[in-house]
Amino acid sequence: MEYPALDVRGVDPDVVLAAADDFGPTAAEDLPGGLSIFFSTPARRDEAAAAIQAAFPGALLARRDVDDEDWAQRSQANLTPITVGHITVAPPWFVHEAVGGPQPPAAGITITILPSMGFGTGHHATTRLCLNLMQRQSLLGARVLDVGTGSGVLAIAASMLGATDVVAIDFDPDALQSATENIGLNGAEAVVQPRLADLGVDGSSLSVPRGFDLVLANLTGAVLARYATVLSALVAPGGSVIVSGCLAEEAVSVERAFEMSGVERSWREDAEEWVALAFTSPSATIAR
C-alpha cells in the first residue's frame, strides 16, 4: 500500500502542519529543513498543497507516494521512548527487547505504540502536553472521551491512569485501525472503546448519561474554537476538558470560546509553539 505524501520545505513545520489540518493529514515526518505530511488520498494531498502554496508562496513543495513498509521501517529506526511525568510511551521493540537499545524505566506507566500512519507516538509536543495535564487529575473510575484519538495513546493513558470507561473516536478509518491495534497491544480492550465518528456530524450522539468526567481533544486551534460548545456540552457537571493542538497565537481565541461555553480555565501548558489548556466546571470535583 502506498500513501500520498507532500514534502514542504522553507516554512516552519509546526505552522505548515496547522495549515494542512483541514485536509485530514494522517501523519507527519520530519525532513531536513522541512516536513513530510501524509494524507489518505491524493486529492486531499493536492488540496493541501494548493492551500499551503497560497498561504506560503515561498514554500518548496514536492509530491510523492510512500510505500507503507518503507515508512514503517524508517519509523522503527528513528522512534525511541519518551517519558512525560510517570508515563513512558515506547515502541514495542523497546518494551519487549525485540531489538537492542535502552529500555523504558521500570517505574510508572509504559504505553506501547506501534509506528503507523496515525498521529500519536507521543513525540509531538501537543501529545506530551496532554499527557502532562492528564496526570494533574485523578481519573480513578472516570468516564473519558478522546476526540481525534489517532494512535489511541491518550485513551490508553486514561485507562492506565484509572479510568473505567473510555470512548476513543476518530473520523479516519486508518487512524481508528491503528488505535484498535494499540488498544489490544496494551490490554486495554475492556476499558477503551474505539468508534468511527466525526465530531462535527456525530457530536451530540456521543453524550452519555451524566456526561464524561474528562473530554480530551488534541486537534487544531480553529477546530477547537469551532466546536468548543459541543465539547463542553459532553462534560459531566464537575468534569474537565483538556485541549491541545493550538498554536500560541490561537490560545486566546480558543480559551474565549470555551469560557463562553460555560467552563473555566484551570491550567495552561506551553511547549515550543504549542499550547494545551485544561478547563473545568465551577463545581469541579475530579481535579486535585
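The values are calculated or read from the model by the stated rules, or taken from the named source; none is laboratory data. The structure presented is a predicted model; accordingly, all values stated were derived computationally and were not measured. Here Cβ is always computed from backbone atoms with ideal geometry, including for glycine, and neighbour counts include all displayed protein chains.
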Checking the conditions here, which among Ser159, Ser151 is more than 20 Å from Ser232 (Cα to Cα), modelled with pLDDT of 95 or more and among the polar types (S, T, N, Q)?
Ser159
Would you mind telling me which numbered condition in (1) more than 21 Å from Asp22 (Cα to Cα); (2) of a type in the set (A, V, I, L, M, F, W, C); (3) modelled with pLDDT of 95 or more; (4) not in a loop (DSSP other than H, G, I, E, B) Ala217 fails?
(1)
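The rows are residues; the columns are (1) modelled with pLDDT of 90 or more; (2) touching a helix residue (DSSP H, G or I) at 6+ places or on another chain (Cβ under 6 Å).
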| position | (1), (2) |
| --- | --- |
| Arg256 | yes, no |
| Ser261 | yes, yes |
| Glu264 | yes, no |
| Glu272 | no, yes |
| Ala276 | yes, yes |
| Ser281 | no, no |
| Ala284 | no, no |
Going by what's in this entry, would Arg288 be described as at pLDDT below 95, more than 16 Å from Asp146 (Cα to Cα) and not assigned by TED's automatic domain parsing to the domain that holds Leu145?
yes
Given the options Ala228, Ala248, name the one that is buried (at least 21 other Cβ atoms within 10 Å of the Cβ), free of Cβ contacts under 8 Å to residues at least 40 places away in the same chain and either within 24 Å of Asp21 (Cα to Cα) or in the same structural domain as Met134 (by TED's automatic domain parsing) (or both).
Ala228
Out of the residues in region 165-194 meeting the condition of being of a type in the set (S, T, N, Q) and in contact with a Leu (Cβ under 8 Å, 6 or more places away or on another chain), tell me which one is nearest to Pro4 (Cα to Cα).
Ser178
From the list Val201, Val167, which residue is under 27 Å from Asp22 (Cα atoms) and surrounded by 16 or more Cβ atoms within 10 Å (Cβ to Cβ)?
Val167
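Quick one: how many residues across region 163-214 are of a type in the set (Gly, Ala, Ser), more than 16 Å from the chain's Cα centre (by Cα) and under 20 Å from Ser232 (Cα atoms)?
The qualifying residues number 7.
Give Thr80, Thr112 a once-over and let me know the one that is farther than 25 Å from Leu214 by Cα, out of contact with any Phe, Trp or Tyr (no Cβ under 6 Å at 6 or more places or on another chain) and either at pLDDT 90 or above or not assigned by TED's automatic domain parsing to the domain that holds Phe38 (or both).
Matching residue, one of Thr80, Thr112: Thr80.
This table checks each residue for (1) touching a residue at least 40 places away in the same chain (Cβ under 8 Å); (2) farther than 20 Å from Thr149 by Cα; (3) aliphatic (A, V, I, L, M); (4) surrounded by 21 or more Cβ atoms within 10 Å (Cβ to Cβ).
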site	(1), (2), (3), (4)
Gly238	yes, yes, no, no
Ile242	yes, no, yes, yes
Met260	no, yes, yes, no
Val263	no, yes, yes, yes
Arg268	no, yes, no, no
Glu273	yes, yes, no, no
Hits in region 5-25 (condition: crowded, with 21+ Cβ neighbours inside 10 Å and of a type outside the set (A, V, I, L, M, F, W, C))
Pro25
